[in-house]
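A.B. asks: Below is the structure I would like to discuss, written out as structure tokens.
The values are calculated or read from the model by the stated rules, or taken from the named source; none is laboratory data. These numbers come from a predicted model, not from an experiment. When we count neighbours, we look across all protein chains shown, and the Cβ atoms used for this are built from the backbone with ideal geometry, even at glycine. For the accessible areas, the whole protein counts, side chains as well, though only heavy atoms, and no ligand, DNA or RNA atoms are used. Shrake-Rupley method; radii C 1.70, N 1.55, O 1.52, S 1.80 Å.
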Amino acid sequence: MGVEGKKALVTGASRGIGRAVSVALAAAGADVAINYSSDSGGAEETLRMVREKGVDAFIARADVSEYEGASSMFKDILARWGRLDILVNNAGITRDQLLARMKPDDWDSVLRVNLTGAFNCARLAARPMMRNRWGRIVNMASVAGIAGNPGQVNYSAAKAGLIGMTRTLARELGPFGVTVNAVAPGLVETGMIRDIPAKAKEDLMSRIPLGRVATVDDVAGSVMFLASDAGSYVTGHVLVVDGGLTA
């Protein structure tokens, strides 16, 4: 797919979509820095799976919502590789609650990780990518950032902000050979959907034309397209991966 030998960072890679993206990049020949914040066991498992593909890989622990921590991580990556070609901003959390019951800290924490974290990493990745006149930034958005979702005002706002950031950075970085795109999954079979009430999940399923939730590999395949040479003329785009839910 044109990523062989490229150097990639995947944030929030200790499980779920981040793990699937890391493994897919490695299978295509990219070296991978595996970021995580708290799940060390999950990160080690991702590392094992990635190294099985025969590429260079290491764990890059950092809370991406904190600029200094993210900056230190990028220094380590550049010291090891000398460059960064692909950034997948996948780190994210949920703190779901209806607006009237949502605590200010629930709002702040979701915006910090899901939006500020992506900003921090994009800012730190931009300079080396611009210098090399090549780069791919893929932001993990959500259909919640397009259509909204009751009980997720914080998450929806963060993902909508991420979409706006994606389109702006595409204009800023395009002249330097750097593409910036977003993937917006619908319902994905990850730990994040375990707390969705059964009735709500049934309602969502009934509105998905393909009749199933996405797998993490479905999402990883879309990320791979945007990160590879196949997506070299696509930038500022939001690729919806929702089985037709918002069609």
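A.B. asks: Among the residues of the stretch 100-110, count how many are open to solvent by 30 Å² or more (accessible area, probe 1.4 Å) and either closer than 13 Å to Asn90 by Cα or touching a Ser or Thr at 6+ places or on another chain (Cβ under 9 Å) (or both).
C.D. replies: Total meeting the criteria: 0.
A.B. asks: Name the residue, out of Thr179, Thr168, that is in contact with a strand residue (DSSP E or B) (Cβ under 6 Å, 6 or more places away or on another chain), outside any loop (DSSP other than H, G, I, E, B) and of a type in the set (S, T, N, Q).
C.D. replies: On the way: Thr168 fails: in contact with a strand residue (DSSP E or B) (Cβ under 6 Å, 6 or more places away or on another chain).
Of Thr179, Thr168, the one residue that is in contact with a strand residue (DSSP E or B) (Cβ under 6 Å, 6 or more places away or on another chain), outside any loop (DSSP other than H, G, I, E, B) and of a type in the set (S, T, N, Q) is Thr179.
A.B. asks: What do you reckon, is Arg48 over 25 Å from Ala24 (Cβ atoms) and not polar (S, T, N, Q)?
C.D. replies: Numbers: over 25 Å from Ala24 (Cβ atoms): no; not polar (S, T, N, Q): yes.
It is false that Arg48 is over 25 Å from Ala24 (Cβ atoms) and not polar (S, T, N, Q).
A.B. asks: Can I ask one more? Would you mind finding the one in Ala147, Ala158, Ala126, Ala100 that is of a type in the set (Gly, Ala, Ser) and in contact with a strand residue (DSSP E or B) (Cβ under 8 Å, 6 or more places away or on another chain)? Write out each step before concluding.
C.D. replies: Values: Ala147 fails: in contact with a strand residue (DSSP E or B) (Cβ under 8 Å, 6 or more places away or on another chain); Ala158 fails: in contact with a strand residue (DSSP E or B) (Cβ under 8 Å, 6 or more places away or on another chain); Ala100 fails: in contact with a strand residue (DSSP E or B) (Cβ under 8 Å, 6 or more places away or on another chain).
One residue alone meets the criteria, Ala126.
A.B. asks: Follow-up. Is it fair to say Thr190 is modelled with pLDDT under 95 and under 18 Å from Asn90 (Cα atoms)?
C.D. replies: Numbers: modelled with pLDDT under 95: yes; under 18 Å from Asn90 (Cα atoms): yes.
Spelling it out, Thr190 is indeed modelled with pLDDT under 95 and under 18 Å from Asn90 (Cα atoms).
A.B. asks: Select, from Val64, Val113, Val50, Val88, the only residue that is crowded, with 17+ Cβ neighbours inside 10 Å, among the β-branched types (Val, Ile, Thr) and more than 15 Å from the chain's Cα centre (by Cα).
C.D. replies: Values: Val64 fails: more than 15 Å from the chain's Cα centre (by Cα); Val113 fails: more than 15 Å from the chain's Cα centre (by Cα); Val88 fails: more than 15 Å from the chain's Cα centre (by Cα).
Just a single option satisfies the conditions, and that option is Val50.
A.B. asks: For Asn132, which of the numbered conditions (1) in contact with a Lys or Arg (Cβ under 7 Å, 6 or more places away or on another chain); (2) within 30 Å of Ala200 (Cβ to Cβ) fails to hold?
C.D. replies: Asn132 satisfies all of (1) in contact with a Lys or Arg (Cβ under 7 Å, 6 or more places away or on another chain); (2) within 30 Å of Ala200 (Cβ to Cβ) except (2).
A.B. asks: Being outside any helix (DSSP H, G or I), open to solvent by 60 Å² or more (accessible area, probe 1.4 Å) and out of contact with any strand residue (DSSP E or B) (no Cβ under 8 Å at 6 or more places or on another chain) is the filter here, so list the residues in the stretch 190-247 that pass it.
C.D. replies: Arg194, Asp195, Pro197, Arg207, Pro209, Leu210, Arg212, Tyr233, Ala247
A.B. asks: In addition: Report yes if Met130 is open to solvent by 30 Å² or more (accessible area, probe 1.4 Å), in a helix (DSSP H, G or I) and in contact (Cβ under 8 Å) with a residue 12 or more places away in the chain, otherwise no. Write out each step before concluding.
C.D. replies: Working: open to solvent by 30 Å² or more (accessible area, probe 1.4 Å): yes; in a helix (DSSP H, G or I): yes; in contact (Cβ under 8 Å) with a residue 12 or more places away in the chain: yes.
Considered against the rule, which asks whether it is open to solvent by 30 Å² or more (accessible area, probe 1.4 Å), in a helix (DSSP H, G or I) and in contact (Cβ under 8 Å) with a residue 12 or more places away in the chain, Met130 comes out as yes.
A.B. asks: Let me ask you something else. Looking only at residues that are in contact with a Gly (Cβ under 7 Å, 6 or more places away or on another chain) and aliphatic (A, V, I, L, M) in the stretch 75-108, which one is nearest to Ala60 (Cα to Cα)?
C.D. replies: Among those that are in contact with a Gly (Cβ under 7 Å, 6 or more places away or on another chain) and aliphatic (A, V, I, L, M), it is Ala91.
A.B. asks: Among Thr179, Thr166, which is touching a residue at least 12 places away in the same chain (Cβ under 8 Å) and under 19 Å from Gly117 (Cβ atoms)? Can you show your working first?
C.D. replies: Numbers: Thr179 fails: under 19 Å from Gly117 (Cβ atoms).
The match here is Thr166.
A.B. asks: Considering the stretch 1-36 alone, what residues qualify as being under 14 Å from the mean Cα position of the chain (by Cα) and open to solvent by 50 Å² or more (accessible area, probe 1.4 Å)?
C.D. replies: Answer for the stretch 1-36, where residues must be under 14 Å from the mean Cα position of the chain (by Cα) and open to solvent by 50 Å² or more (accessible area, probe 1.4 Å): Arg15, Arg19.
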